[in-house]
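The values are calculated or read from the model by the stated rules, or taken from the named source; none is laboratory data. Since we're looking at a predicted model, the values are computed, not measured. Cβ sites come from the backbone with ideal geometry, for glycine too, and all protein chains shown count toward neighbours. Heads up: the accessible areas ignore ligands, DNA and RNA and are worked out on the full protein's heavy atoms, side chains in. Shrake-Rupley method; radii C 1.70, N 1.55, O 1.52, S 1.80 Å.
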Amino acid sequence: MGDAIRFLLGEDEHEISGVSPTMTVLEWLRGHARRRGTKEGCAEGDCGACTVVLAEPGGAGGLRTWPVNSCIHFIPALHCRQLLTVEDVAAPDGALHPVQQALVDLHGSQCGFCTPGFVMQHYAGWLAGSLTDRAAVKDWLAGNLCRCTGYGPIIEAGLAAGRADGPDTARRAATARRLDTLDDGRMLDLRHEDQRWLTPRTSDELARVYADNPDAILVSGATDVGLWVTKQHRRLTTLIDVTRVSDLAEIRDEEEALVIGGAAKLAAAHGPLARLSPDLGELMRRFASIQIRSAGTVGGNIANGSPIGDLAPALIALGAQLSLRHGDRERTIALEDFFIDYGRQDRAPGEFVAAISIPRPGATSRFACYKLSKRFDQDISAVMGAFRIDMTEGRVTAARIAFGGMAATPKRACNAEAALIGTAFQADAVERACAELAADFAPITDMRASATYRLESAANLLRRFHLEVSGAPTSATRVWELA
Amino acid sequence: MNERPTPSAHKGAVHRPVIHDSAERHVTGSALYVDDMPELPGTLHIHVGMSERAHARLRAIDLQSVRTAPGVVAVLTAGDIPGVNDVSPVHAGDDPIFAEDIVEYAGQPIFAVAAETLQAARNAARLARIDYEELPAIITLDEALAAATDLAPAPELRLGDPDAAISASPHRLSGTLHVGGQDHFYLEGQVAYAIPGEGADMLVHASTQHPSEVQHLVGCMLGVPDHAVTVEVRRMGGGFGGKESQPALIAAIAALAARRTGRPAKLRLDRDDDMVMTGKRHDFRLDYELGYDADGRIQGARFEFAARCGRSLDLSNAIADRAMFHADNAYALPNAYVHARRMKTHTVSNTAFRGFGGPQGMMAIERAIDEIAFALGRDPLEVRRANVYPADGSALTPYHMAVTDSVLDELTEELAASSDYRTRRAAIRASNAESTAIKRGIALTPVKFGISFTTTHLNQAGALVHVYKDGSVHLNHGGTEMGQGLFVKVGQVVAEAFGIELDQVKITATTTAKVPNTSATAASAGSDLNGMAAAAAAQTIKARLAAFAAKKHNIAEEHVVFEAGRVRIGNQEMSFAELAHQAWMGRVSLSSTGFYATPDIHYDRATGRGRPFYYFAYGAAVSEVAIDTLTGETRLLRVDILHDAGRSLNPAIDMGQIEGGFIQGLGWLTSEELWWNDEGRLRTHAPSTYKIPTANDRPDDMRIAIWAKGENREPTIHRSKAVGEPPLMLAISAFSAITDAACAATGYRAFPRLDAPATPERILMAIREATGRAGKK
């Protein structure tokens, strides 16, 4: 087994051993590598000032690149990858990259503290060929906060960079070859003081090491576990990294269902989910930032059990099934049954999310989901509502309504559903269902919303769904679609 | 007085859109902030132990296990302070560095740990055992008003006889508006790095808008004279007022650790600690009563404000004063009364934030005008235009200052035309009739913002300019760079004076050792004050050079002309560098200080009369929004801005201030909500819960223009106008537009009582409440 993290920092090969595996990439950069261009703005992956780019062999161009928040990424994430920071973007002779030049020319920096993060996010977008139009650039920037400029010049700079020549393919191929030589294909087993970090490479290996270490914490993009370290200052002892378990990251477009492996990245699932339902696509667009979606997984979002995780209500409404594996045993349950209570899920020690199977809504189904938050982009929902009804011969034959933010877990609105079944889904039935929501839920008041607002807006989301099913164009019901 | 300066051809001259001097360093990550500086060997890292209670007596502070924890070098409490345990910017004695017997907010520093690593300091701090005896806590403004916790007497402004005028008016209205606070959310958190020198000397690298105050308060804390302390700041990663008074606490703790251990010590707050421990924009309760005529002309107005100051005075007096000075915003009130109470609560002490009370002060009258227009069935723009300060200088403010430079009538009409406001408003009202779930709204609001520190003696600045014998120039002044582009603007001023390229001017870090006794870089006055001081310094050197050249070549001084990097001396010409070298050989001093004090301002706080402002900055904005009446979600669809920056020193920099200020104001009034729980703990203390605008909140259709006719009537630096704060208040147009859309949700039958920030929840509740009233009609 490997006991050192080997990677490229820019063009230079590095090896890290003998340090805590829960050291963040940002801490290593600023403290150990003394690269201080990368900034800490929040230490929770919400401001983007710490954005860096990772690269690994694979993908269309031979080298897959993506941006991450270095403040919550642990250093084992660097293994066999290339880490690019703001210091790597300009040419060796100091000539600015088009991304940098555009930010300079268009007055895209004021205080400059967020700027390295914007440079890297734009750079990642440029590498990925994603800076195609204004909407794409703005989505690409959803995880980067600037308090000075008002964003206009930064958006323009992204557009300008998107028009520049793309990356040097020969250089990318050479980097991919160098990275290939770093990977000996073995499981990494890092030990430091009381800490241990394991990176199994296959589902079977994962099942075995997790069964052997049932108290271990499974970690992928560390978009939540990272905060246990940077915010709660917890000492995590045994961690199992699922990001190298390639067969757990598969996404299969089957005829009846979309099957998403437990370790599939949110970013990878975005397209398939959008094809299953445009609303899921919009949900994923607003689901945190590109950096977070590039790191976090669908399985993590579910297994985490958060009452405000956005995917669970949507997938519950769609009737998703969850496959859980322990050792060689696998079982399948309805997703809603996974969530028992706040912080409690139906998951045994050593058991992990193998896959989520999402049935495709049929021709008789209508599905919509809506996210309500104080800010449109990258905000945790106050209420997340998902609605699916099946209608045959003008009658509701099945109704699945699920909410996040309304209870201690993602939860179905069983009373409201019952009020709709058998009806013609007309206003009076919808009003009865809205009234039943008060029997289904007793939400709390917190910093995101009051209980009153939660209950009232939850009912109004059902009314919105009714308007849309009744034929209202989304331009009349979805304010975010207005230009 | 009306001559326009002619822009020179060389780059770097004033009035040109020169890039920020640090732009290339920003994009390459090579711009150094305090936490990026290489640490000296032995540097300690500090973590602060904070109160868990909003109001409590400290029965016992047991730090024994903190002291013995691994890596800990020093544990500091109030007892370790050699001098004064206070960092009040107004020397009120109510801002202890460490709490002694009582804690008055959750987050108040009680002790600090200095350790070999930050993690060691943090781990150790968690071992503290604090025994609290809980005391009753006053958290909200309404609780404070009920308990009459006034921190200071509130002065009054009075013009004419407002009560009689209101009584005599044909129409009257009154109302209450709550306006929330705002966290600065500078991307770089508070940080200071203290390096002990020999004897009592202390060097502090601080992220501060006010190095002189940090110097003085660190000196008081250490019990040493100001001369022993040097404070330096090259740049801040954003300030917005949050680094005016607050950095003294951070610097004092770092300097105390450095003094007690003899080792360099750094304190950098992480985001959560920063948001919990340091002050924010004041939230206000605004009560108003107005009388007006059938055309909507205001006859008399009464404004009773209350500001939540938090646990101490800090700058609250000046902030509440500025709120009062802006109760009129852009409108001539023939009779007015303004009053603003300063309420103590057991929450973090609120502080300066871009606009400094002005934005909150303006909200009441803008709300009232929307309400007048609703009551009269008029377009609010008509009512606004009927009340704006006339250009003829005939109207007085509530503090008896004649407004002689008003461009409001012209500016608002020009914007109404260029934005097609009237046509769009009609179209919106027509389309709202057809739309059930989504309603649109539009509003044009003006801004008039007073420029000068209202504390008159602060309106002074110094600069230091050296010309080296190779012709390169070293520029230093008392202003600080927080991203607003002050350094490049002042650099342009000096380059213009010498007729040289901007890149020949080295813009250097602000330090108390070069320019003493400076005021904070605040009140939008940075370039007004420091630009003039630097110009004066350059002028002194230039005069010496001219005298030297004239004497040497035996011609009159006026025939020595500096331009385009050359100096013409009669028929001869040489480079600026050659002249500098010759002057050095000729034993001429090529270094000078410069000084500026704003003329013609005075204010008597006791009588509420005077001319506190040298001039006014003006602007106006039109916002169009759409709201979802089922959820309260909002989109800002289009913004048009026309802003008066005078003769802009640097239009690119000023455009950045305008757009950035607007979006920051938009955040304040829409998505940024500070939320304390019942125990007085701030629950929105990181970007996961506190939502500043993102790129997607900026409307694609944003049309910003600097007013082409703008020119300062006063002889400010190249006739420019201050631009740092005023644009923030242009975002009030978005709030008014949301109010208009919420009104549409009632079928224009009731005026919604929307408070700020207009979160989806507040919008939905305002619609529900107003619809209820409309139903009863």
Next on the checklist: Restricting to the stretch A:349-364, and then to whatever is open to solvent by 30 Å² or more (accessible area, probe 1.4 Å) and not β-branched (Val, Ile, Thr), can you tell me which residue is nearest to A:Asp204 (Cα to Cα)?
Outcome noted: A:Pro349
Checklist outcome for this item: The condition of being assigned by TED's automatic domain parsing to the domain that holds A:Leu159 and at negative phi holds, among A:Gly94, A:Gly108, only for A:Gly108
Checklist entry - Which of the residues belonging to the stretch B:737-747 are among the polar types (S, T, N, Q) and surrounded by fewer than 24 Cβ atoms within 10 Å (Cβ to Cβ)? => result B:Thr746
Next on the checklist: What's the number of the only condition in (1) out of contact with any strand residue (DSSP E or B) (no Cβ under 8 Å at 6 or more places or on another chain); (2) closer than 30 Å to A:Met187 by Cα that A:His107 fails to meet?
Outcome noted: (2)
Item to check | Cβ pairs under 6 Å, 6+ apart, first in the stretch B:281-293 and assigned to a strand (DSSP E or B), second acidic (Asp, Glu) and open to solvent by 30 Å² or more (accessible area, probe 1.4 Å) | outcome: B:Asp287/B:Glu304
Next on the checklist: I'm trying to understand the selection: among the residues of the stretch A:31-76, which are modelled with pLDDT under 95 and out of contact with any Pro (no Cβ under 8 Å at 6 or more places or on another chain)?
Outcome noted: A:Gly58, A:Gly59, A:Ala60, A:Gly62
Checklist entry - Residues in the stretch A:118-140: is at least one more than 8 Å from every other protein chain (Cβ to nearest Cβ), surrounded by fewer than 22 Cβ atoms within 10 Å (Cβ to Cβ), touching a residue at least 60 places away in the same chain (Cβ under 8 Å) and among the aliphatic types (A, V, I, L, M)? => result yes
Next on the checklist: Anything in the stretch A:380-403 that is within 14 Å of chain B (Cβ to nearest Cβ) and farther than 16 Å from B:Gly632 by Cα? List them, or say none.
Outcome noted: A:Ile380, A:Phe387, A:Phe403
Checklist outcome for this item: The condition of being in a strand (DSSP E or B), touching a His at 6+ places or on another chain (Cβ under 9 Å) and small (Gly, Ala, Ser) holds, among B:Ala60, B:Ala54, B:Ala112, B:Ala106, only for B:Ala112
Checklist outcome for this item: Here the qualifying pairs (Cβ atoms under 6 Å; residues six or more apart or on different chains; first in the stretch A:27-50 and within 9 Å of chain B (Cβ to nearest Cβ); second of a type in the set (Asp, Glu) and open to solvent by 30 Å² or more (accessible area, probe 1.4 Å)) come out as A:Arg35/A:Glu87; A:Gly37/A:Glu87
Item to check | Leading residue by the ranking (nearest to the other protein chains (Cβ to nearest Cβ)) among those in the stretch B:614-657 that are part of a strand (DSSP E or B) and in contact with a His (Cβ under 9 Å, 6 or more places away or on another chain) | outcome: B:Ala621
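Rundown of residues vs (1) at pLDDT below 95; (2) more than 30 Å from A:Thr149 (Cα to Cα); (3) open to solvent by less than 10 Å² (accessible area, probe 1.4 Å); (4) among the hydroxyl-bearing types (Ser, Thr, Tyr), yes/no style:
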{"residue": "B:Asp142", "(1), (2), (3), (4)": "no, yes, no, no"}
{"residue": "B:Ala146", "(1), (2), (3), (4)": "no, yes, no, no"}
{"residue": "B:Ile166", "(1), (2), (3), (4)": "no, yes, yes, no"}
{"residue": "B:Pro170", "(1), (2), (3), (4)": "no, yes, no, no"}
{"residue": "B:Val179", "(1), (2), (3), (4)": "no, no, yes, no"}
{"residue": "B:Gln182", "(1), (2), (3), (4)": "no, no, yes, no"}
{"residue": "B:Leu187", "(1), (2), (3), (4)": "no, no, yes, no"}
{"residue": "B:Ala192", "(1), (2), (3), (4)": "no, no, yes, no"}
{"residue": "B:Pro196", "(1), (2), (3), (4)": "no, yes, no, no"}
Item to check | Exclusive hit being buried (at least 22 other Cβ atoms within 10 Å of the Cβ) and touching a Gly at 6+ places or on another chain (Cβ under 9 Å), set B:Val103, B:Val113 | outcome: B:Val113
Checklist entry - In the stretch A:334-348, which residue that is more than 16 Å from A:Asn301 (Cβ to Cβ) and touching a helix residue (DSSP H, G or I) at 6+ places or on another chain (Cβ under 9 Å) is most open to solvent (accessible area, probe 1.4 Å)? => result A:Asp346
Checklist entry - Could you list, in sequence order, the residues of the stretch B:643-662 that are open to solvent by less than 10 Å² (accessible area, probe 1.4 Å) and of a type in the set (A, V, I, L, M, F, W, C)? => result B:Ala645, B:Leu649, B:Ile658, B:Phe662
Item to check | A:Asp446 being assigned to a helix (DSSP H, G or I) and open to solvent by 20 Å² or more (accessible area, probe 1.4 Å) | outcome: no
Next on the checklist: Any residue that is in contact with a Gly (Cβ under 8 Å, 6 or more places away or on another chain), within 9 Å of another protein chain (Cβ to nearest Cβ), under 23 Å from B:Ala257 (Cα atoms) and buried (at least 17 other Cβ atoms within 10 Å of the Cβ) - is there at least one of those in the stretch B:44-53?
Outcome noted: no
Checklist outcome for this item: Considering the stretch B:678-698, residues that are out of contact with any Phe, Trp or Tyr (no Cβ under 6 Å at 6 or more places or on another chain), at the interface with chain A (Cβ under 8 Å from one of its Cβ atoms) and part of a loop (DSSP other than H, G, I, E, B), and then whichever is farthest from B:Val348 (Cα to Cα), we arrive at B:Thr694
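One line per residue, one yes/no per condition, for (1) more than 22 Å from B:Gly661 (Cα to Cα); (2) basic (Lys, Arg); (3) open to solvent by less than 40 Å² (accessible area, probe 1.4 Å); (4) in contact with a His (Cβ under 7 Å, 6 or more places away or on another chain):
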residue: B:Arg683; (1), (2), (3), (4): yes, yes, no, no
residue: B:Gly710; (1), (2), (3), (4): no, no, yes, no
residue: B:Ala722; (1), (2), (3), (4): no, no, yes, no
residue: B:Phe735; (1), (2), (3), (4): no, no, yes, no
residue: B:Arg749; (1), (2), (3), (4): yes, yes, no, no
residue: B:Pro757; (1), (2), (3), (4): no, no, yes, no
residue: B:Arg762; (1), (2), (3), (4): yes, yes, no, no
residue: B:Ile767; (1), (2), (3), (4): yes, no, yes, no
residue: B:Arg773; (1), (2), (3), (4): yes, yes, no, no
Checklist outcome for this item: Of the residues in the stretch B:429-453, those that are touching a residue at least 24 places away in the same chain (Cβ under 8 Å), within 14 Å of chain A (Cβ to nearest Cβ) and surrounded by fewer than 24 Cβ atoms within 10 Å (Cβ to Cβ) come to B:Asn432, B:Thr436, B:Ala437
Checklist entry - Which is assigned by TED's automatic domain parsing to the domain that holds B:Gly531 and touching a Leu at 6+ places or on another chain (Cβ under 7 Å), of B:Gln484, B:Gln492, B:Gln504? => result B:Gln492
Checklist entry - Just for the stretch A:449-465: of the residues that are of a type outside the set (Ser, Thr, Tyr) and open to solvent by 30 Å² or more (accessible area, probe 1.4 Å), which one is farthest from A:Arg375 (Cα to Cα)? => result A:Arg463
Checklist entry - Does A:Thr115 count as touching a residue at least 40 places away in the same chain (Cβ under 8 Å) and within 9 Å of chain B (Cβ to nearest Cβ)? => result no
